[in-house]
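Only one structure is covered here, and it is reproduced in the block below.
The values are calculated or read from the model by the stated rules, or taken from the named source; none is laboratory data. If you're wondering where the values come from, they're calculated on a predicted model, not measured in any experiment. Cβ atoms come from the backbone with ideal geometry, glycine included; neighbour counts cover every protein chain shown.
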Amino acid sequence: MTTATLQNCSKCGLCLSVCPVYKVLMEEQTSPRAKLQLVKYYENKELASSKSLKDIISKCLMCGNCSAVCPSGINHYSQFMDIRAQMVKNHGENLAIKSLIYLLADEYRTKLAAGVAKFSQKIIPSHFIKKYNMGSIPLKRLPKLNKMPFRQSYQANILPSKKQKGIVLYFTGCATNYIFDKTGFATVNILKQMGYQVIIPEKQTCCGLPLLFHGASDKAGKNILTNIECFTLGNIKAIIVDCPTCGSALKNEYPAWLKKNNLDTTQALKISHKVIDIMTFVLQESNSFKNLNLPAKPTRFKVTYHLPCHLKNNLTTSNNTEIILNNLPFIDYIRVPDFDKCCGGGGTFFYEYPGIARTMVKTKTDNIEKSGADILLTDCPVCRINLAGNLQDQDKIVVKHPIEVIINNENKT
């Protein structure tokens, strides 16, 4: 953090108009501009470290809306991550978040935890599941874990279904690997149909962004270096991500972390230039969808869409999914008024601040339910969990990744 950078804040208030937390609480101290001033006072030793300060700084979705509209070009992400790390060092972290960081910092532990969670979903009594919540989400509406980790379904090198057009790497992230394998199958299948050889790096681990957001920069660094090492670029066309948060990490935070720690950024920058989300890649490479093996007479679907904050603010490819949906002949796309507003998931925000998260997601689910859509699409796995978890049982709205509606074969082929 640098005080000089913080001095650039003119306190104009544009960030207040886009901050989801401020719009719920309407308290100045929760606004991005107030947080920046607190960071400045703390840096200048005019404000003591305290648990109250930690709570104020933590009451943030890290959505990036404030940075996106800031006329002074301040990187709120960097400022907030740095002070979060200092607050955790000074005051510790609650057990649940500390446990999550411990698990995500090591792929073996993540895999083990996923296995335990999958077993628990089978044996926990139904009355317990119906009674309790995880933050703002009822346990009964949490997704079932994959039967086996997605990356175990394939060899590391997957050949295309037709004449090879190129080679891509696929960074699956934790959610696809352990929870949403249908997203992974659809992603691989469409890449194969487009003529791409798909390489899934075997040693990939959590992207590290959840660790950075919770002030665990040192642990995140181990993940960052591991992932950079497992990307052998060579003649690679692109690094595909299906999760905007992972994409944001690979594209923006890896070079930033290395630079901050005085390490060589060369490989990270090369990776950054190759990262692209799957929907944008499909739009770029599909030649108006003519070379995709779409079903001849599919069922027509009424579909609506939630635009994740990290896709909108960090990957700057915000309207590509909508372009695809509007061009698919079997999709009736219905845009809801707040399709691009934050849902309140925010990594672990829905767990740490369930009251705020519940207020935020209620408006969105109301509009989704009113739309009459059969399917809700969103690219972000946390948004997916949060929105699906807060829809009503009677609505029977299915929540999917957008890639899953383009092709109808969801299993490995």
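Observations on the model:
- Set side by side, the residues Gln155, Gln121, Gln164 differ, and just one is modelled with pLDDT under 95 and either touching a Pro at 6+ places or on another chain (Cβ under 9 Å) or not assigned by TED's automatic domain parsing to the domain that holds Lys251 (or both), which is Gln121.
- Filtering Ile324, Ile385 for residues that are outside the structural domain of Leu211 (by TED's automatic domain parsing), in contact (Cβ under 8 Å) with a residue 60 or more places away in the chain, over 19 Å from the mean Cα position of the chain (by Cα) and in a helix (DSSP H, G or I) leaves a single hit, Ile324.
- Answer residue from the range 122-145, given it is hydrophobic (A, V, I, L, M, F, W, C) and assigned to a helix (DSSP H, G or I) and is nearest to Cys383 (Cα to Cα) among those: Leu139
- Apart from one condition, Phe350 fits all of (1) of a type outside the set (S, T, N, Q); (2) in contact with a helix residue (DSSP H, G or I) (Cβ under 7 Å, 6 or more places away or on another chain); (3) crowded, with 21+ Cβ neighbours inside 10 Å; (4) not in a helix (DSSP H, G or I); the exception is (4).
- Selected residue (only one of Ser67, Ser78, Ser72 is of a type in the set (Gly, Ala, Ser), touching a residue at least 60 places away in the same chain (Cβ under 8 Å) and over 26 Å from Asn386 (Cα atoms)): Ser72
- Selection count, the range 163-218, where residues are among the aliphatic types (A, V, I, L, M) and not in a helix (DSSP H, G or I): 9
- Residue match in the range 307-320 (condition: assigned to a helix (DSSP H, G or I) and touching a Leu at 6+ places or on another chain (Cβ under 8 Å)): yes
- None of Asn189, Asn177 is surrounded by 23 or more Cβ atoms within 10 Å (Cβ to Cβ) and at pLDDT below 95 except Asn189.
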